[in-house]
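Written below as structure tokens is the structure these notes are about.
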Amino acid sequence: MAPTVTVTFADVLRARDLLAGHLPPTPMWSYPALDEVVGARVLVKHENVQPIGAFKVRGGLTLLAGMAPAERARGLVTFSTGNHAQSLAYACREFGAACTVVMPAAANPAKARAVRALGATVVLDGADLAATQSRAEEIAEREGRLLIGPADTPALIAGVGTLYLEVLEARPDVDAVVVPVGSGTGAAAAGIVAAELAPGCRVVGVQSDRSPAGHDSWRAGECVRRPDRTAAEGLATGRGFALPQSLMGTGLADFHLVPDERIAQARRLLAGYAHTLAEGAGAAGLAALLEHPDAYAGRTVVVVCTGGNASPAELAKLTEN
């Protein structure tokens, strides 16, 4: 069933107004040594320097800024493996709203601590995101709070779209923007903005081949479930999400799957050639260029470093060959 809501370019422009004064634009740099290795002109959009270390903060702040005071007063409940949780916790702290986050029992301890440090209540429960969603729904109903999912809320996608306003207003001439996909909010937003500002730019999604639900949903034209085994936490989802998928259906030119080993290689290259600490998801865009060199050779490509919240295991692997 198609979602009953959508997101438009006008929503993204409104999100930019709502975010004014909350977040400065993030840098986008080129690194000649990285270009030489990749064989393309690569521009890295550094969302890893956001206050929570990831792009999703744009969505959380847009959501809270657009709420009526009475809505904020109810408090919010969400479920997440990490960066969405931090986004909502950060935004709730900024606007004085109560926030409860349900995370899987085996969630990254560093991300759980970060959410608590932002003032949110963390509930660790369930083996996967589906189980955390059920628990979050129970809490929201019992306490009368607003339930906010990680993907199917229009304000979250509109807020993320401001990232692509920054990219494509600065460089409408780029050949492609390669966007990591977990739930798909980033790729959905990129397609909306590119259609308006840079129709010649190809928007390409990328996901781990060990968690291909977003990719397979896009290929099938409907949301499907798949095994979720990637080590890249920001790409770890076992199902497609309706609203992002409906937008990606018309907004994406292509969608790549890459192995986790290629993502690890991309993380090492970003650290060594672009002075950038990227979590697995944040390196997935570069991994796609490495996996499909012929598709991007000699072209100007933006890769979005969506986050820098690397787990201890990811940090340990940075020095491996």
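So which residues in the stretch 302-318 are crowded, with 24+ Cβ neighbours inside 10 Å and of a type outside the set (G, A, S), if there are any at all?
Result: V302, V303, V304, C305, T306, N309.
Considering only the stretch 10-44, state which residues are surrounded by fewer than 17 Cβ atoms within 10 Å (Cβ to Cβ), out of contact with any Phe, Trp or Tyr (no Cβ under 7 Å at 6 or more places or on another chain), among the hydrophobic types (A, V, I, L, M, F, W, C) and not in a loop (DSSP other than H, G, I, E, B).
A10, L13, W29
Looking only at the stretch 86-114, how many residues end up being among the aliphatic types (A, V, I, L, M), modelled with pLDDT under 95 and outside any strand (DSSP E or B)? If you could, list the steps in order and put the result at the bottom.
Of the residues in the stretch 86-114, the ones among the aliphatic types (A, V, I, L, M) are 88-89, 91, 97-98, 101-103, 105-107, 110, 112, 114.
If we keep only those that are modelled with pLDDT under 95 too, we end up with 103, 105-107, 110, 112, 114.
When the remaining residues are screened for being outside any strand (DSSP E or B), the result is 105-107, 110, 112, 114.
Result for the stretch 86-114: 6.
Restricting to the stretch 131-179, what's the tally of residues that are closer than 30 Å to A106 by Cα, in a helix (DSSP H, G or I) and under 15 Å from the mean Cα position of the chain (by Cα)?
Here the count works out to 6.
For the stretch 245-259, what are the residues that are crowded, with 19+ Cβ neighbours inside 10 Å and farther than 29 Å from T8 by Cα?
Within the stretch 245-259, just V258 meets the criteria.
Identify, please: which residue in the stretch 58-71 is in contact with a Leu (Cβ under 7 Å, 6 or more places away or on another chain) and of a type in the set (A, V, I, L, M, F, W, C) and is, among those, farthest from G21 (Cα to Cα)?
Ranking the candidates gives L63 first.
Can you report the number of residues in the stretch 218-276 which are of a type in the set (V, I, T), closer than 11 Å to V181 by Cα and without any contact (Cβ under 8 Å) to a residue 60 or more places away in the chain?
Going through the stretch 218-276 one residue at a time, the tally reaches 0.
For the stretch 201-216, which positions are more than 16 Å from Q245 (Cα to Cα) and either free of Cβ contacts under 8 Å to residues at least 12 places away in the same chain or among the acidic types (D, E) (or both)?
D209
The values are calculated or read from the model by the stated rules, or taken from the named source; none is laboratory data. Here the structure is a predicted model, which means the values were calculated and not measured. Every residue, glycine among them, receives a Cβ derived from its backbone with ideal geometry; neighbour counts consider all protein chains shown.
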